[in-house]
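Some notes on the structure that comes next.
The values are calculated or read from the model by the stated rules, or taken from the named source; none is laboratory data. All values reported here derive from a predicted model rather than from experimental measurement. Glycine also receives a Cβ, built like all others from the backbone with ideal geometry; neighbour counts cover every protein chain displayed.
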Amino acid sequence: MKIGEPSLDQLRIFLAVEEEGSFGGAARRMGRAVSAISYGIAQMEAQLGVTLFEREGSRKPVLTEAGRGLLPEAQAVADRADALLAKTQSLHAGLESEVGLVVDVMVPGETTAQVLRDFRAMFPTVALHLQVEGLGAVAACLLEKSSQLAVGGPVIGDHPQIERQVIGEVELVPVAAPGHPLARPGIAPGESREHLQLVLSDRSALTEGREFSVLSPLSWRLGDLGAKHALLKQGIGWGNMPRPMVAGDLTSGALVELELPEKPGALYEFSAMWRRDQKPGPATSWIIDAFRSASEAR
């Protein structure tokens, strides 16, 4: 039997179906019709003379033994192609004409402001398009190609289409107004579950079904960290906040840091993230280094 040579596009379809767990998911990710995805898999199977997915008796395609064996090789070919495209792009690229940047709302505002001020002085001819998002919505901007660079948290840092580089962290602390019941000393384990918790919600579907430091079944979900801050100061609930954002309130007494037995605070690590098929150019690389330097100096 003569074995054909699958195209790079067919390999990408194969990988997308396996990663998304369905032909429909692969179609949405690649912006194709489901029929085009099915055709691509069928053509690849015909060329290689193997069945890649079991389709009978299952609601989702399951890799066959042959499919599992070929998966690492297909990934390796796609990775090398991505590296080739990124390298070619870097060879042709001079200074970017524009940079789309999305920053996690948890990143200290002073850090972001310092980096952007210095960026305008360093690259006056580069147009910067800035977005501020939270949780999975940060990476969604990359995947939807509305931004070329993201500075965001760890919630979806392992996405197969994204490269990331850790550049800093911020401490999250549980806080409430001084008159809140949880602000008194000697809080018993589990008592936090009896009070309203204010939680930052994800405006993307990337973290659907996942919870982050949510202790109380009584919760309000807010897409705006500033609104959460204002409600906390009014004594409406308790919640985690970035320490730099509430440092002044803790000093003035407008908010107090809660001593909860569950210790819901944490270090929120943030990374520079970009699409694997899009190598950062000179201005984008400068932003990555500037955020790292500003974080290390805090």
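Report, by residue number, each residue of segment 102-153 that is under 23 Å from Leu222 (Cβ atoms) and assigned to a strand (DSSP E or B).
Of everything in segment 102-153, those that are under 23 Å from Leu222 (Cβ atoms) and assigned to a strand (DSSP E or B) turn out to be Val102, Val103, Asp104, Leu130, Gln131, Val132, Glu133, Ala150, Val151, Gly152.
Going by the structure shown, is Ala230 small (Gly, Ala, Ser) and not in a helix (DSSP H, G or I)?
Here the answer is no, as Ala230 does not meet what is asked.
Looking at (1) assigned to a loop (DSSP other than H, G, I, E, B); (2) within 29 Å of Arg117 (Cα to Cα), which one does Thr251 not meet, given that it meets all the others?
(1)
What single numbered condition from (1) at pLDDT below 95; (2) in a helix (DSSP H, G or I); (3) surrounded by fewer than 20 Cβ atoms within 10 Å (Cβ to Cβ) fails to hold for Pro261?
Exception for Pro261: condition (2).
Among residues belonging to segment 7-32 that are assigned to a loop (DSSP other than H, G, I, E, B) and under 21 Å from the mean Cα position of the chain (by Cα), point out the one that is nearest to Phe53 (Cα to Cα).
Across segment 7-32, the extreme among qualifying residues is Gly21.
Do any residues in segment 52-72 that are part of a strand (DSSP E or B) have Cβ atoms under 7 Å from those of residues that are at pLDDT 90 or above and among the hydroxyl-bearing types (Ser, Thr, Tyr), where the two are at least six apart or on different chains, and which pairs are they?
Pairs found: Phe53/Thr64; Glu54/Thr64.
Looking at segment 29-43 only, could you name the residues that are surrounded by 14 or more Cβ atoms within 10 Å (Cβ to Cβ) and within 20 Å of Leu63 (Cβ to Cβ)?
Within segment 29-43, Arg29, Met30, Val34, Ile37, Ser38, Tyr39, Gly40, Ile41, Gln43 meet the criteria.
Looking at Val107, is it among the β-branched types (Val, Ile, Thr) and at pLDDT 85 or above?
Taking the combined requirement at face value, the residue satisfies it.
Let's see how each residue does on (1) within 24 Å of the chain's Cα centre (by Cα); (2) of a type outside the set (Ser, Thr, Tyr):
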{"position": "Arg221", "(1), (2)": "yes, yes"}
{"position": "Ala230", "(1), (2)": "no, yes"}
{"position": "Gly239", "(1), (2)": "yes, yes"}
{"position": "Gly248", "(1), (2)": "no, yes"}
{"position": "Leu260", "(1), (2)": "no, yes"}
{"position": "Pro264", "(1), (2)": "yes, yes"}
{"position": "Thr284", "(1), (2)": "yes, no"}
{"position": "Ile287", "(1), (2)": "yes, yes"}
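May I ask you to verify whether Gly153 is over 19 Å from Ala266 (Cα atoms) and either among the small types (Gly, Ala, Ser) or modelled with pLDDT of 90 or more (or both)?
For Gly153, the condition - over 19 Å from Ala266 (Cα atoms) and either among the small types (Gly, Ala, Ser) or modelled with pLDDT of 90 or more (or both) - is not met.
Would it be correct to say that Ile288 is out of contact with any helix residue (DSSP H, G or I) (no Cβ under 7 Å at 6 or more places or on another chain), buried (at least 19 other Cβ atoms within 10 Å of the Cβ) and either hydrophobic (A, V, I, L, M, F, W, C) or farther than 20 Å from Met106 by Cβ (or both)?
In short, yes.
Residue check: is Ala42 more than 24 Å from the chain's Cα centre (by Cα), among the aliphatic types (A, V, I, L, M) and assigned to a helix (DSSP H, G or I)?
Criteria met by Ala42.
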